[in-house]
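Here's the structure, in structure tokens; my notes come after.
The values are calculated or read from the model by the stated rules, or taken from the named source; none is laboratory data. Computed from a predicted structure; not experimentally measured. Positions of Cβ are generated from backbone atoms using ideal geometry, with glycine treated the same way; all protein chains shown enter the neighbour counts.
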Amino acid sequence: MIDSLQGEVIAKSPSVLVLRVGGIGFRIYIPLSTFEALPPEGQDATILTHLYVREDELSLYGFARPGERQLFRLLLSISRVGPSVALRILSSCSPAEFKRFVIDEDVDSLKTLVKGIGKKTAMRLIVELHDSIEDLGVEAARAARSQVVRNAVEALVSLGESRSAAERAVLDAVERLGPDADEERVVHAAIRRQ
């Protein structure tokens, strides 16, 4: 199995990365969070990978952080959840956010945040992962519903940021600054991250 690849970023888009390793160009499907973490084209990057094998397909999926790959693999263990749905989830929320949604059984947030996920699928994800989500090696997002977080997200959305990108940036800022950070510091940290 290919655990990771290190090489030159040849091309990148929000869903696909082409990485040259030893003269071979690997096409790697990635979530939006990994795209945002990639260096510019022409520079080297290290990507954690998952090789997806079916009778008629070999596909490589890549991740910037171990928690993302772990959640991807956990999602693939659920019936009727394939790589494309798992990538959509990872592109819409962080592993910490997803873990919080499952722990809180927050069907509404999950189906609202992840495009293409209906109420039944969100409920199935929560039910099937409820016992195993604790094994996910990330801490559940704290203060995900606090007023500071909601206000900071709205501030970024009013500046033209998409809601999912704003939520990721704000939750990342809260993780860095701590749960007691005031709204102004969170907004500034989230803006600087983008």
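Annotations for the structure displayed:
- Any hit, the stretch 63-82, residues being more than 29 Å from MET123 (Cβ to Cβ) and not in a helix (DSSP H, G or I): yes
- Pick from the stretch 117-139, criterion outside any helix (DSSP H, G or I) and at pLDDT 80 or above, ranking: nearest to GLN70 (Cα to Cα): SER132
- Subset of the stretch 35-49 (residues that are part of a loop (DSSP other than H, G, I, E, B) and not charged (D, E, K, R)): LEU38, PRO39, PRO40, GLY42, GLN43
- Taken over the stretch 101-133, the residue count meeting the criterion of being within 18 Å of ARG163 (Cα to Cα), surrounded by 12 or more Cβ atoms within 10 Å (Cβ to Cβ) and either not assigned by TED's automatic domain parsing to the domain that holds LEU74 or not aromatic (Phe, Trp, Tyr) (or both) is 9.
- The stretch 52-86, subset farther than 25 Å from ALA37 by Cβ and in the same structural domain as PHE35 (by TED's automatic domain parsing), residue modelled with the highest pLDDT: VAL53
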